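As structure tokens, the structure follows; a few thoughts come after it.
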Ligand SMILES: [Zn+2]
């Protein structure tokens, strides 16, 4: 394991670290159009991507993640960019690395492929080997570009997450965080993945697969549900937990997507997340550097208590 990755995990034994906020919605604000490939901006709009990383570091993020959420061959293939998989991931890692201050870290973002396993009838079309090869290829390229650890994220069902964790670990040896997307099933007041997995089951499965940090990100419930999910996971595990929820629900206003939680309102939801036992907090879709600055203040207050 690279020394920085080791140091990152060691620090979590005694302190809460702050992750970054949204990349995708920031790119849309900067002019990325629907249907365009966000990872291509690692080449065509390097300054934009770099400046977003810098803004998060300046807002007190202890680590940021690369602009490579859709960087698997399967995903990039949908844009006709499959043969640029290695290059776009290496570039993404280098951009974040180039602005990472000493004592802070870079996580390689790995999102779902958007495909289902061929064992899922009738929609599945992808073999375990193909999933594995996709995640291995992306992980190796991100490691080549200099990431310290990985953020396997927004996973919709455990099978794909487990293969991603294994592929990353076996090909790089770097620490792996893995977080899943949960929906709040309001009628039953419970949180489940789209395929019905509970937070408790997810924590057990992902830790068993070898993840160093487990949790939830994105989702429709904002900080309130993130606290409930972390509490459920904490009930079955004393492992390291992470959450980075969306800034509330999106709505369309004048052709633009607006998220309902401004920075102060969002930050007000973080003390219960820390009470529930989260070791890392950040924010997902709709959040900005200002959101991160506010929630970092909440974390800092706890640190000095
Ligand atoms: Zn999100």
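Each value in this text was obtained by applying a stated rule to the coordinates, not by laboratory testing. Computed from a prediction, not measured in an experiment: that's the story for all the values here. Ideal geometry is used to build each Cβ from the backbone, glycine not excepted, and the neighbour counts take in all protein chains shown.
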Inter-site label distance for residue 302 and residue 129 at 7 Å from Cα along Cβ, in nm: 4.5
Averaging 1/r across every pair of distinct alpha carbons in the chain and inverting yields a Kirkwood hydrodynamic radius, in angstrom, of 19.0
Could you tell me whether segment 139-184 comes out rounded, prolate or oblate from its Cα gyration tensor? Rule is a ≥ b ≥ c as square roots of the eigenvalues, rounded for a/c under 1.5, then prolate if a/b exceeds b/c, otherwise oblate. prolate
Separation of segment 61-115 and segment 260-305 by C-alpha centroid, Å? 24
Between residue 79 and residue 185, how high is the FRET efficiency from 1/(1 + (r/R0)^6) when r is the Cβ-Cβ distance and R₀ = 30 Å? Nearest 0.05. 0.35
Cα-Cα separations in segment 87-220 greater than 19 Å, expressed as whole percent: 51
For segment 124-141 and segment 12-46, compute the distance between their C-alpha centroids and round to whole Å. 22
Counting other beta carbons within 10 Å of each residue's own, what order do 238, 148, 47 fall into, fewest first? 238, 47, 148
Would you list 104, 6 from fewest to most Cβ contacts within 10 Å? 6, 104
Grab the DSSP H runs of the chain that are 4 residues or longer, score each as -39,500 (n - 2.57), total them, divide by all residues and round the 222 nm result to the nearest 500 deg cm²/dmol. -13000 deg cm²/dmol
The relative contact order of segment 97-241, taking Cα pairs under 8 Å that sit 6 or more residues apart, comes to a percentage of 20
Restricting to bridges with both residues inside the chain, how much of the DSSP beta-bridge set is antiparallel, in percent to the nearest 5? 20
With each label point set 7 Å from Cα along the Cα-Cβ vector, what nm distance links residue 192 and residue 275? 2.8
Taking r as the C-beta separation of residue 220 and residue 47 and R0 as 30 Å, the FRET efficiency to the nearest 0.05 is 0.35
Cα convex hull of segment 145-265: mean projected area in nm², to one decimal? 9.3
For the chain, set up a Gaussian network in which alpha carbons nearer than 10 Å are linked by springs, and say which option among 253, 138, 231 fluctuates the most. 253
Computed lengthening from residue 265 to residue 58, 0.36 nm per intervening residue step minus Cα-Cα distance: 72.4 nm
Express the C-alpha Rg of segment 20-64 as a ratio against the empirical globular expectation 2.2 N^0.38 Å, rounded to two decimals. 1.13
Gaussian network model of the chain, Cα springs within a sub-10 Å range: biggest mean-square fluctuation belongs to which of 108, 254, 239? 254
What ranking do 32, 295, 76 get, fewest neighbouring Cβ atoms within 10 angstrom at the top? 32, 76, 295
Points 7 angstrom from Cα along the Cβ direction at residue 6 and residue 34: gap in nanometres? 4.9
